[in-house]
Amino acid sequence: MLSISRLIILFVFAMSCKTGKLEVVADLPLRLEEASAIEAVKGSNLLWTIEDSGNKNNIYGMDLKGNLIKNIDISNSSNIDWEDLTSDDEGNLYIGDFGNNSKNRDDFTIYKVSNLSDDETTAERINFTLPKDVKSEDFEAFFIYNDFFYVFSKENKSSILLKVPNRVGKHTATLIEDFNLDGKHHKITSADISDNGKTVVLLNHDKLWKLSNFKGDNFLDGKIEELKFEHDSQKEGICFRTNGSVYITDERDKSEGGNLYTFNLN
């Protein structure tokens, strides 16, 4: 008979083959069927996530074992289509309510949440509309850099990058770039920038793009590397774990997915 240690080794090996280059850290809480983001927030020892349209206007904090520790109701918000999270150096968490599958929205919201302690709180609103002559798109990814939000559209081929000031109130976004990543299947589902500001990651279901060696906010003008996971699932959340590694989450589909992973960029 195989020893217990031998069985454990075989199980770990089988799981690592099943998830390609991704390392499973934990199962996501079972109540989160459609986790659409992941974010590490300064001053918090939890990882934060949300669910997208059709779900509650709540943010969830979990530990690295996948235990749901915090469930916070944002009482003055509505979940039209929450898609991504980002945070700033002061420990504020931002919710990107800019999902637009039908491509008929003309007003988008970013919620700023400062209180991650209570079970119910309120959020400040940052609203933006699109620049003139820019058609309505589905947006699912953003991050904050130098007090501006950078918002990416989710397209198969050509995507756009918008810039929105991090100031409560109403704004017209600025079109930074219309870009086309080489190859196929370019839907960007989440994004983040490293704490040192030197690396950007754009998430896809089976890969990510690592952007580096850029100047200022010309993110697409530097070095672009396509890093494949050797694993395909509905990945919707990414954030930096260290400057050289990231956390990734995917949605649960029957017996597949619903995990928190790590992935090394180097």
Within region 95-106, track down each residue that is in a loop (DSSP other than H, G, I, E, B) and either on the phi > 0 side of the Ramachandran plot or of a type outside the set (S, T, N, Q) (or both). 98, 99, 103, 105, 106
How many residues are modelled with pLDDT of 95 or more, surrounded by fewer than 14 Cβ atoms within 10 Å (Cβ to Cβ) and assigned to a loop (DSSP other than H, G, I, E, B) when one looks only at region 244-266? 1
Of (1) acidic (Asp, Glu); (2) crowded, with 19+ Cβ neighbours inside 10 Å; (3) under 22 Å from residue 218 (Cα atoms), residue 182 fails just (2)
Selected residue (criterion: modelled with the highest pLDDT) from residues of region 20-60 that are surrounded by 21 or more Cβ atoms within 10 Å (Cβ to Cβ) and among the small types (Gly, Ala, Ser): 37
Filter result (touching a residue at least 24 places away in the same chain (Cβ under 8 Å) and of a type in the set (S, T, N, Q)) within region 130-182: 136, 146, 153, 156, 159, 166, 172, 174
Among the strands (runs of 3 or more DSSP E) confined wholly to region 107-214, which include 1 or more residues that are modelled with pLDDT of 95 or more and acidic (Asp, Glu)? 124-129, 139-145, 190-193
Any residue in region 107-128 that is over 27 Å from residue 247 (Cβ atoms) and of a type in the set (Gly, Ala, Ser)? no
Looking at region 221-243 only, could you name the residues that are closer than 21 Å to residue 47 by Cα and outside any strand (DSSP E or B)? 233, 234, 243
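The values are calculated or read from the model by the stated rules, or taken from the named source; none is laboratory data. Since the structure is predicted, the reported quantities are computational estimates derived from the model, not experimental observations. In this analysis, Cβ positions are derived from the backbone assuming ideal geometry, glycine residues included, and neighbour counts consider all displayed protein chains.
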